[in-house]
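One structure is given below, encoded as structure tokens.
The values are calculated or read from the model by the stated rules, or taken from the named source; none is laboratory data. Computed from a predicted structure; not experimentally measured. Cβ: placed from backbone, ideal geometry, glycine included. Neighbour counts: every protein chain shown.
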């Protein structure tokens, strides 16, 4: 039997859409990695009756319920008293928690206030899960064979308590069923096309393997999920399927280890001891930001010029003014000079440049919003590529950046 | 009576945590803006029984249910047949939808395939909501006084159908209760401290007004929610409270209109007809990316140098090598020269520079991970600021960037 889990996230802001719920995604990943099936995720208001309702609708066969949020120091946080009612217990001051909070406030140079003191009151019947990242402790309850864990909604605090206390403890209690996920990353075509190419592959999948398509800004993750008893056997079966996938879509796969494009590029550049810079117009620093989001990127990433104004394209990157006048800033000629100029300026092995129209303004019949020119330069050659997307500003910027990273990746592996 | 809504999001990837559910946040915002109370959000697997279970657990007094996902062209998408069962209807080919899909594929240079054809089959009893952004149409059902709307999970498609068809139609059906939100944005202190300062303010709030604290990377949004019948009266009451908030926390408020720091900066620079550039080390282009995420930023943003390598700090920004040797790259002396050098290079009114240690490596006792030096330069003066955060790499970069934007904002408004 697979262990069953549910996630309840509490907070008005989640329902009003003012906060995007990243916590439940993180918890979902962690619990499924250790073999749980998360069969439902529910978000409710910071309201007594809604929280009770969610707790009471938990199915009997659920093994673990993770509850986040509503433990803050402010009066809109009501989770603790509601938990006392649900578990028929009461709040009592906890000396250990109070001492932790006092020490934490001292380190930051603050003194204890009434709100902090209230955070040191915990339900009598729970086991305390200490929180080194903040003032609200986690709480572990058990009722009729189900484990209920309440953690703060602040992501860093939730992650600390889950990683340090909850996940290790739950691992020990697991049953024998094993679930393996394998994520094969693709770029270069759209979902329906990929599904068409993979029709026969899907039909031939063993019964205990499932395939899902997860598109995100042009990258489509193919997730293979295998269920069974024997980890070794499952690994073999799933690896055979990955080998088959390469036969169907060799040109689209860029990683079989759930790496992003920027991770693959970082790995390749490190291996080859080569360096990179960017020259960005429409992407406005997004590509540099993606590359430097990877720890250790200073080993291969030298820097970037964001050339938003045309004068920066000419003065810093050496693009001839005449080219901009004749062809416009969004053109093959200009983006080529941008990448070549950047490579010289930063003295790197590779450079990648973008010039496009992210929107909503600035488009024309000839050069619509969503048009981007991309260029990658190396010692041997400079290549360019034109792409046209049709989304809003922020999505266009995301898509431009991935298209540029993929062209760069292809150039690096072609050497 | 407030109209009640629920959101059901369908997709294995949501429960496995491989996709963060941004759709339900967007829907939550839109529905609450037109006065709905979203009392629950549920995510379930692409599994027949789980979807049916979620549909059957909808409460009788729910007015509208928005269902996203599971409408893709691939076989892991099962929502349509399940909806047929729930509404006791069957799938029939729809000529209008087929024509739309055919035209869309043609424009992109593709031909219709079997998967596309299946997307043109829709439940007989629903009203079709056309989708100009993709191949899966939205569907509008009604059953026992509740409206059920099914839309694709691809954000751009969901948003198009909701904005173009669903929201305008729902608006017409609304009852008389009005809900107003006012979001006051603060930066500069932490949640418990803000709550302490606002204790008396909160106690004195009228009964129909609620205050919530929504922290995000150092920015704390204070959300005031007022409920009542009369829009004019509610507006007056809530505006009075905002005036009071300014008396309590004048130094922390940077907007009362839910603007981000980069939006406020853009607005101020446009008003003053002034220009900006950035020189980024540890933030790696993040600040430039935030600034250029705003449409129209080319009016005031000239560009950026991401100076990841020290050689770029010296060669492009004119930081003296001796300063880096003597004080290190993460120092007041170096960040000051970076901002002054960038302002000269880009010939702008303002510049903002960062140099810090995002982690996980590179820290020392003297300069721990999380340390950042920030500098803002203008014609009159250059100011610097030291901040120390204690998070992981990605959060540190987010916090560094907001700290820098806030220092810039303060300099702009001080003139």
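Would you pick out the residues in the stretch B:37-52 that are assigned to a helix (DSSP H, G or I) and facing chain A (nearest Cβ under 8 Å)? Before you say what the answer is, go through the steps one by one.
Start the filter on the stretch B:37-52 by keeping residues that are assigned to a helix (DSSP H, G or I), which leaves B:48-52.
Once the filter is applied, which keeps residues that are assigned to a helix (DSSP H, G or I) and facing chain A (nearest Cβ under 8 Å), the stretch B:37-52 yields only B:50.
For the stretch A:7-35, give me each residue that is surrounded by fewer than 23 Cβ atoms within 10 Å (Cβ to Cβ) and farther than 20 Å from residue B:36 by Cβ.
A:22, A:25, A:26, A:29, A:30, A:32, A:33, A:34, A:35
Tell me the residue from B:256, B:202, B:196 that is under 25 Å from the mean Cα position of the chain (by Cα) and either within 14 Å of chain A (Cβ to nearest Cβ) or touching a residue at least 12 places away in the same chain (Cβ under 8 Å) (or both), please. Don't jump to the end; show me each part of the working.
Values: B:202 fails: under 25 Å from the mean Cα position of the chain (by Cα); B:196 fails: under 25 Å from the mean Cα position of the chain (by Cα).
After ruling out the rest, the residue left standing is B:256.
Is one or more of the residues making up the stretch B:119-135 assigned to a helix (DSSP H, G or I), surrounded by 16 or more Cβ atoms within 10 Å (Cβ to Cβ) and in the same structural domain as residue B:74 (by TED's automatic domain parsing)? Steps first, answer last, please.
If we filter the stretch B:119-135 for residues that are assigned to a helix (DSSP H, G or I), which is where we start, we get B:119.
Checking the rest, the ones that are also surrounded by 16 or more Cβ atoms within 10 Å (Cβ to Cβ) come to B:119.
If we keep only those that are in the same structural domain as residue B:74 (by TED's automatic domain parsing) as well, we get B:119.
Yes; the residues of the stretch B:119-135 include at least one that is assigned to a helix (DSSP H, G or I), surrounded by 16 or more Cβ atoms within 10 Å (Cβ to Cβ) and in the same structural domain as residue B:74 (by TED's automatic domain parsing).
Before we move on, is residue A:212 part of a helix (DSSP H, G or I), touching a helix residue (DSSP H, G or I) at 6+ places or on another chain (Cβ under 6 Å) and farther than 21 Å from residue A:409 by Cβ? So that I can check it myself, show each step before the final result.
Values: part of a helix (DSSP H, G or I): no; touching a helix residue (DSSP H, G or I) at 6+ places or on another chain (Cβ under 6 Å): yes; farther than 21 Å from residue A:409 by Cβ: yes.
In short, no.
For residue A:349, which of the numbered conditions (1) within 30 Å of residue B:315 (Cα to Cα); (2) surrounded by 22 or more Cβ atoms within 10 Å (Cβ to Cβ) fails to hold?
So residue A:349 meets the others, but not (2).
State whether the residues of the stretch A:70-78 include one that is surrounded by 18 or more Cβ atoms within 10 Å (Cβ to Cβ) and more than 10 Å from chain B (Cβ to nearest Cβ).
Yes: the stretch A:70-78 contains one or more residues that are surrounded by 18 or more Cβ atoms within 10 Å (Cβ to Cβ) and more than 10 Å from chain B (Cβ to nearest Cβ).
Which one of the conditions (1) assigned to a strand (DSSP E or B); (2) over 17 Å from residue B:277 (Cβ atoms) does residue B:358 fail to meet, given that it meets all the rest?
(1)
Within the stretch B:1-36, how many residues turn out to be under 16 Å from the mean Cα position of the chain (by Cα) and assigned to a strand (DSSP E or B)?
Adding up the residues that qualify gives 1.
Quickly run through the stretch A:222-239 and pick out the residues that are touching a residue at least 40 places away in the same chain (Cβ under 8 Å) and either over 11 Å from residue A:179 (Cα atoms) or more than 10 Å from every other protein chain (Cβ to nearest Cβ) (or both).
Taking the stretch A:222-239 first, the residues touching a residue at least 40 places away in the same chain (Cβ under 8 Å) are A:223-231, A:234-235, A:238-239.
Selection gives A:223, A:224, A:226, A:227, A:228, A:229, A:230, A:231, A:234, A:235, A:238, A:239.
Just need a number here: residues in the stretch B:151-176 that are loosely packed, with under 14 Cβ neighbours inside 10 Å and in a loop (DSSP other than H, G, I, E, B).
3
How many of the residues making up the stretch B:136-150 are in a loop (DSSP other than H, G, I, E, B) and at negative phi?
Residues that pass the stated criteria total 2.
Please work out which residue is farthest from residue A:282 (Cα to Cα), limiting yourself to the stretch B:289-323 and to residues that are away from chain A (no Cβ under 14 Å) and in contact with a helix residue (DSSP H, G or I) (Cβ under 9 Å, 6 or more places away or on another chain).
So the first thing to find is which residues in the stretch B:289-323 are away from chain A (no Cβ under 14 Å), and the list is B:320-323.
Keeping just the survivors that are in contact with a helix residue (DSSP H, G or I) (Cβ under 9 Å, 6 or more places away or on another chain) gives B:320-321, B:323.
On the way: B:320: 31, B:321: 32, B:323: 34 Å.
Ranking the qualifying residues of the stretch B:289-323, first place goes to B:323.
Could you say which residue among A:179, A:128 is touching a helix residue (DSSP H, G or I) at 6+ places or on another chain (Cβ under 8 Å) and either facing chain B (nearest Cβ under 9 Å) or closer than 30 Å to residue A:90 by Cα (or both)?
Details: A:179 fails: either facing chain B (nearest Cβ under 9 Å) or closer than 30 Å to residue A:90 by Cα (or both).
Exactly one residue qualifies, and that residue is A:128.
Do you know which residues across the stretch B:206-221 are more than 10 Å from chain A (Cβ to nearest Cβ) and touching a strand residue (DSSP E or B) at 6+ places or on another chain (Cβ under 9 Å)?
Of everything in the stretch B:206-221, those that are more than 10 Å from chain A (Cβ to nearest Cβ) and touching a strand residue (DSSP E or B) at 6+ places or on another chain (Cβ under 9 Å) turn out to be B:206, B:208, B:209, B:218, B:219, B:220.
Which numbered condition trips up residue A:239, out of (1) outside the structural domain of residue A:331 (by TED's automatic domain parsing); (2) farther than 29 Å from residue B:152 by Cβ; (3) touching a strand residue (DSSP E or B) at 6+ places or on another chain (Cβ under 7 Å)?
The one condition residue A:239 does not meet is (3).
Looking only at residues that are in contact with a helix residue (DSSP H, G or I) (Cβ under 8 Å, 6 or more places away or on another chain) and surrounded by 15 or more Cβ atoms within 10 Å (Cβ to Cβ) in the stretch A:324-333, which one is nearest to the other protein chains (Cβ to nearest Cβ)? Steps first, please.
Narrowing the stretch A:324-333 to residues in contact with a helix residue (DSSP H, G or I) (Cβ under 8 Å, 6 or more places away or on another chain): A:324, A:326-329, A:331, A:333.
Applying the additional criterion that residues be surrounded by 15 or more Cβ atoms within 10 Å (Cβ to Cβ) yields A:324, A:328-329, A:331, A:333.
Numbers: A:324: 14, A:328: 14, A:329: 10, A:331: 17, A:333: 20 Å.
Only one residue tops the list, namely A:329.
Looking at A:32, A:75, A:57, which is the one that is farther than 21 Å from residue A:6 by Cβ, at pLDDT below 95 and in contact with a strand residue (DSSP E or B) (Cβ under 9 Å, 6 or more places away or on another chain)?
Numbers: A:32 fails: farther than 21 Å from residue A:6 by Cβ; A:57 fails: farther than 21 Å from residue A:6 by Cβ.
Going through A:32, A:75, A:57 in turn, the sole match is A:75.
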